[in-house]
Amino acid sequence: MKKFSLLGFFIVFLLAFPNVGEASSGDAKIFLDGEQLNLASGVKVANVNNNIMIPIRVVSENLGFKVKWDKASQSVTVKNSDTTVKMFIGSKSAEIDGQQASMNIAPMLSKHTTLVPLRFVSSEMGMNVRWDNEMKAVFLSSGENEPPSRSGQDGGATPSKPGDKAPGKSTGSAVSPKPEILATVDGISFSENQLMISTSSRVTPKVFQLKGPDRIVVDLPNTAFSNIFGTEHMMNAQNSGELVVTEHPEVSQIRYSLFSDSPSTVRVVIQLTAPVNYTVSTDNSGLIFIDLGAADSVPVPQIDSGNKVVVIDAGHGGSAPGKVSVTGKYEKDFNLSLAQKVEALLQKEEDIDVVMTRTDDSTISLSERSELANRLNSNIFVSIHGNGHGTSSPNGTETLYTRDASLELANTIHKHLIKATGLKDRRVKKQNLHVTRETNMPAVLLEIGFLSNKGDEAQMFDEEFQNRVAEAIVNGIKEYLKV
Ligand SMILES: [Zn+2]
């Protein structure tokens, strides 16, 4: 009992004097879209009671936002083209686009710099944030380039309930992670013409083809097998095993092993009976796809009706659920439901042929989606998504595009969309996303609303709302195509 109250006192002490926790920190790493940030020498990240605090120069130099420090009002303003976040030293209240918001922890002065909470700033600026406790690393990604959300590992700067865990852990002390292992390989499967590897976070594979015998080698740098891998896959004492493949004429065997342990590398070898063409794609949820003979593998419907061709893409699907809503529903299900309503309406249009990237809960890579549209030579590509955020406040509808040729389509659909959703207008934004970048025709990605926001979410799973929004998307498409 006495011990407990002492512990309680210690926590209160830490909360009251947040600078105390900082002494033991500085070892947290930050990854942006899969790449570790190179911090200038002397620049340190601090872990204060489970909150990763970063110097404001990291916000400007590494994350690329505009930062203004005002000494008189002791305030820090962080800005991009859409959002302005204003914070005050010692205050947990912040202003987001002039609206009040609260933080877990107040910005603080430390030595010669101002520290701001990383999770709050980056998520308010529209990034996805994931904390990997074992690696002591923060994974940031922009927009739909989302990191895998793994429940229970999201402790980066979430409020830690006093007494939940040993306070020593929250200040980043004795635990020494294995820094060389950046991601785990959780599963390997092969079906149709596709090898799919799932990893805990984004991995850039090295893939090459060898002769005598013919084989494709996939090296996954800085990875190791996860604990669950061995329970679902055959694995011998040497940390290797094989996958039985019977359905592909050119594949005789797929082997996997821990190929090297410095640096830790998992290798997957596709043993072939003859050389084959292949394409490699990665998905931002940590999936890697090796498509064999991909040039012929994507079934492309023949369209020679002279009609306008519209590709509707229901985002995510299968083992990539997308965002998880406040009530635990999956983004992939919302996307498919709305996309199918759009499809049904477009099928009634005599001058339009509609093609879906998926019509069920299957896992489809981003490149398969863009490739389908490109090979169809469709007139437009419309991807349907729900947005999400680390906090519950952001809400509203936005339309994203990448190439300038897509701006008119974005503006036209957004005009109809915003009327139908009735949600906050987050406007049309330029963002670097695979499906809107790699497609050859005008392409947009619609973020209908925020699944992380109670108000938005309740509407998004409402049939009436979906019907109204589907109709608006179709009206936008028709206006753009002039049919
Ligand atoms: Zn999405």
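Toward the positive end of the charge dipole of the range 345-403, with +1 on the Cβ of Lys and Arg and -1 on the Cβ of Asp and Glu, the farthest Cα among T363, T391, A373 is that of T391.
Taking a sphere under 14 Å around the Cβ of D82 and counting the other residues whose Cβ falls inside, with K and R at +1 and D and E at -1, yields a net charge of +2.
Which chymotrypsin sites (Phe, Trp or Tyr not before Pro) in the range 382-483 pass both tests, a DSSP loop state and at most 10 other beta-carbon atoms within 10 Å?
Working: sites: Y401, F450, F461, F465, Y480; in loops: F461.
Counting only loop positions with at most 10 other Cβ atoms within 10 Å, none of the chymotrypsin sites (Phe, Trp or Tyr not before Pro) in the range 382-483 qualifies.
Send over the per residue convex hull volume for the range 352-443, Cα only, as a whole number of Å³. Let's see the in-between values first.
Numbers: hull volume 11.6 nm³, N = 92.
Taking the convex hull of the Cα positions in the range 352-443, it is 126 Å³ per residue.
Note on the range 315-360: with charges restricted to the Cβ of Lys and Arg (+1) and Asp and Glu (-1), its dipole about the Cα centre is near 400 debye. Qualifying trypsin sites (Lys or Arg not before Pro) in the range 403-483, where qualification requires a DSSP coil assignment and no more than 16 other C-beta atoms within 10 Å, comprise R403, K482.
Give the peptides 353-364, 33-44 in descending order of average Cβ contacts within 10 Å, highest first. Display every interim value, and only then the final one.
On the way: 353-364: 18.0, 33-44: 13.4.
Per-residue mean Cβ counts within 10 Å order the peptides as 353-364, 33-44.
Values in this text are rule-based calculations from the coordinates and carry no lab data. Quick caveat, the model's predicted, so the values are computed rather than measured. Glycine also receives a Cβ, built like all others from the backbone with ideal geometry; neighbour counts cover every protein chain displayed.
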